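The values are calculated or read from the model by the stated rules, or taken from the named source; none is laboratory data. This structure is a prediction, so every number in the text was calculated from the model and none was measured. Note: ideal-geometry Cβ built from the backbone for every residue, glycine included; neighbour counts use all protein chains shown.
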Amino acid sequence: MEKNKLTRNNFILCNLFSTIITFLYIFKVPVVFVGVFSILIMGLLYFRFYKKINFDFFLLLMLVYTLPFSFISILGESFLSLFVIIQLILTLYLFGNGKYYYKNISLHILCLISLFFILIVYTISQNINPDYYFESLIKILLFILMILVVSTKAKIKNNEIDQLLKAYVISAFISGLAVLTQYLFFKYLGRNDIGLQSEMGATRLGFAGLFYDYSISSVFIASSTIILIHEKINKKILFTKYIDIALMLFLIFFSVLTSARTGIASLFVVFCILLIYFKKIKWILLSVIIALPVGKIILFIFEENRGTDLSNDSGRLANYLDAIVFFQDNFLFGAKFLGYFEISHKMLAHNFLLDFLVQYGAIFSIVLIFIFAYILVTAYKIKPVLFFLFLLMIVGGNFHASFLNTHYIMIPIILILALKNYETLSCN
């Protein structure tokens, strides 16, 4: 039997695992209990799978399936969600196993320099401000370390990526169901205690499921839609012909239901780029025909749910101006890896470039931009579906905060770098 190939029954079990844990969190079952229960279920799943899939592939699979509840700490207080713990275990496992692949030397050197740079700047600033927590440091260190280890130690095949993309779509669908549940309980039962968002926004209605931000939730759900659209345009079937279409429609609806404009706007932009890339005249004409009625439906749902005018900038402009002023005063190192909010007591900028500049300063922001550009170009060359998936996340990142902490961006990054290693080795 082919290694790292999920059977239909095992795929269903993984779907059930993610769904059950998500809804236990949605209905406020104590997080410590759910955390222990989820670890137990994961152990049972691995015991069932271990002869058929490798441990690193299992960890990747669980990384995808824990995305719907990736912002819920298993301890109740810290940022240590099951997703973060699995990410850490995967990093350590890859670091301690397998061969080194020195095929991305410039990226490796850049990551190593970045790690030293982060630690030096943080150490100096921590001595000046000893009361600040190190959560911001841990997150950026884990992010860079993950990229370094994956680009040097991981490899993955195309058929394995296809399985993980199927899991990603289901994971986003489960998040959409969480958003729908939250919406229904609020709309018809008047309950605003379902899910992570208990306030539903100070001036507007919003539904994020278990995510801490409406926009981030909407981008995650919309990002899975671009996978289905890409496969449809290329006459590929992810599940079945009709299930793919149904999932596409439901995911668009769920993204709109969050009340955040970011996800659906990002999907529209990347969809247009995708049509131009593939030069699909039939799809372009079809899109023009259905754009008006679909657009009206989307606008109607937004207006019904938001509680504020669609043209409202939700305070983004004020956040941008605050961020620019802070960056001017802290040009080289930004918040010195201590956290922009902790230093300035201002809301985070809802734009990933401004977020980088205020959090890390000009020097490290250039490094991050180079890393993202490298990953994006690599994806464009080896796996277009991953290119469009990551591109949608970047487009969405222009309109929400904490781009590096969205969790879902790690999935395409890992898959792109690991596939690059596999294809490079296959050619040698």
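Pairs are defined by a Cβ separation below 9 Å, a sequence spacing of at least 6 or placement on different chains, a first member in the range 10-36 that is of a type in the set (S, T, N, Q), and a second member that is surrounded by fewer than 17 Cβ atoms within 10 Å (Cβ to Cβ) and assigned to a helix (DSSP H, G or I); the pairs so defined are Asn10/Arg48. List pairs: first in the range 49-63 and assigned by TED's automatic domain parsing to the domain that holds Asn4, second hydroxyl-bearing (Ser, Thr, Tyr), Cβ under 8 Å, 6+ apart or cross-chain? Listed by first residue and then by second, the contacts come to Lys52/Thr7; Phe55/Tyr46; Phe55/Tyr93; Asp56/Tyr93; Phe58/Tyr46; Phe58/Tyr50; Leu59/Tyr93.
Given the residues Asn9, Asn54, Asn15, Asn4, which is the only one that is surrounded by fewer than 18 Cβ atoms within 10 Å (Cβ to Cβ), touching a helix residue (DSSP H, G or I) at 6+ places or on another chain (Cβ under 8 Å) and either β-branched (Val, Ile, Thr) or over 24 Å from Phe79 (Cβ atoms) (or both)?
Answer to the check: Asn15.
Being at pLDDT 95 or above and not charged (D, E, K, R) narrows it down to one residue among Thr7, Thr66; which is it? The conditions single out Thr66. The number of residues in the range 60-87 that are surrounded by fewer than 20 Cβ atoms within 10 Å (Cβ to Cβ) and of a type outside the set (Asp, Glu) comes to 7.
So that you can scan it fast, the table gives a plain yes or no per residue for (1) at pLDDT below 85; (2) closer than 21 Å to Met410 by Cα; (3) not assigned by TED's automatic domain parsing to the domain that holds Cys14:
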| site | (1), (2), (3) |
| --- | --- |
| Leu107 | no, yes, yes |
| Ser114 | no, yes, yes |
| Val121 | yes, no, yes |
| Ser125 | yes, no, yes |
| Leu137 | yes, yes, yes |
| Leu145 | no, yes, yes |
| Leu148 | no, yes, yes |
| Ile161 | no, yes, yes |
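Looking across Ile229, Ile264, one residue alone is β-branched (Val, Ile, Thr), under 30 Å from Phe79 (Cβ atoms) and in a helix (DSSP H, G or I). It is Ile264. Looking across the range 381-418 at every residue that is among the aromatic types (Phe, Trp, Tyr), outside any loop (DSSP other than H, G, I, E, B) and at pLDDT 95 or above, the one that is nearest to Tyr340 (Cα to Cα) is identified as Phe390.
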